[in-house]
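Everything below concerns the one structure shown next.
The values are calculated or read from the model by the stated rules, or taken from the named source; none is laboratory data. Note that this is a predicted model, so its numbers are computed, not measured. FYI the Cβ positions are ideal-geometry reconstructions off the backbone, even for glycines, and counts take in every protein chain you see.
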Amino acid sequence: MKHARFAAPALALALLGSTGFAVAQQYGPPQGPPPGYGQGPGGGWDQPPGEYREFQRQGFHDGIEGARKDIENHRPPNVNNRDEFRHPNVPGNVRHDYRDAFRRGYNMGIQHILGGGPGGPRPY
């Protein structure tokens with residue numbers, strides 16, 4: 001009977017501890033590059049669409065890198081907080097195309113890194 005009075009508090013601590021562990025596992029920072037990142041011309045998830053022109057390809061790549069940096073540095077994913085997106089270092093006549101491609105790459109990077117896909121996290 002002496003041990004019974006310790007059973008409920010011990011069980012409560014065990015449950016709280018395991019919940020915290022599950023949350024930490026779910027939201028912890030990714031370790032290393034995401035699976036499939038940097039796949040070459042074989043066409044991994046991080047390859048820009050084939051119809052993209054040079055500045056669009058660069059924007060797409062920069063968007064993926066921006067997403068990776070935001071997650072690695074524990075920043076909330078928000079494409080509008082990226083300097084490369086707000087102030088791209090490209091000629092004015094391709095700025096719109098670069099930013100569209102950057103946004104697409106950023107969203108794809110966030111979804112991939114955080115385990116997105118159907119039913120996954122919403123794009124930012």
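What number of residues within the stretch 46-93 are more than 13 Å from the chain's Cα centre (by Cα) and either of a type in the set (Gly, Ala, Ser) or not in a loop (DSSP other than H, G, I, E, B) (or both)? Spell out how you get there, then give the answer.
Keep residues of the stretch 46-93 that are more than 13 Å from the chain's Cα centre (by Cα), which gives 47-62, 80-93.
Filter once more, so that each one left must be either of a type in the set (Gly, Ala, Ser) or not in a loop (DSSP other than H, G, I, E, B) (or both): 50, 54-62, 80-81, 83-86, 92-93.
The qualifying residues number 18.
Here is the figure for the stretch 77-90: residues that are over 12 Å from Gly105 (Cβ atoms) and touching a residue at least 12 places away in the same chain (Cβ under 8 Å) total 4. Checking each residue of the stretch 94-103 against the condition of being within 16 Å of the chain's Cα centre (by Cα), at pLDDT 50 or above and surrounded by fewer than 12 Cβ atoms within 10 Å (Cβ to Cβ) gives no match.
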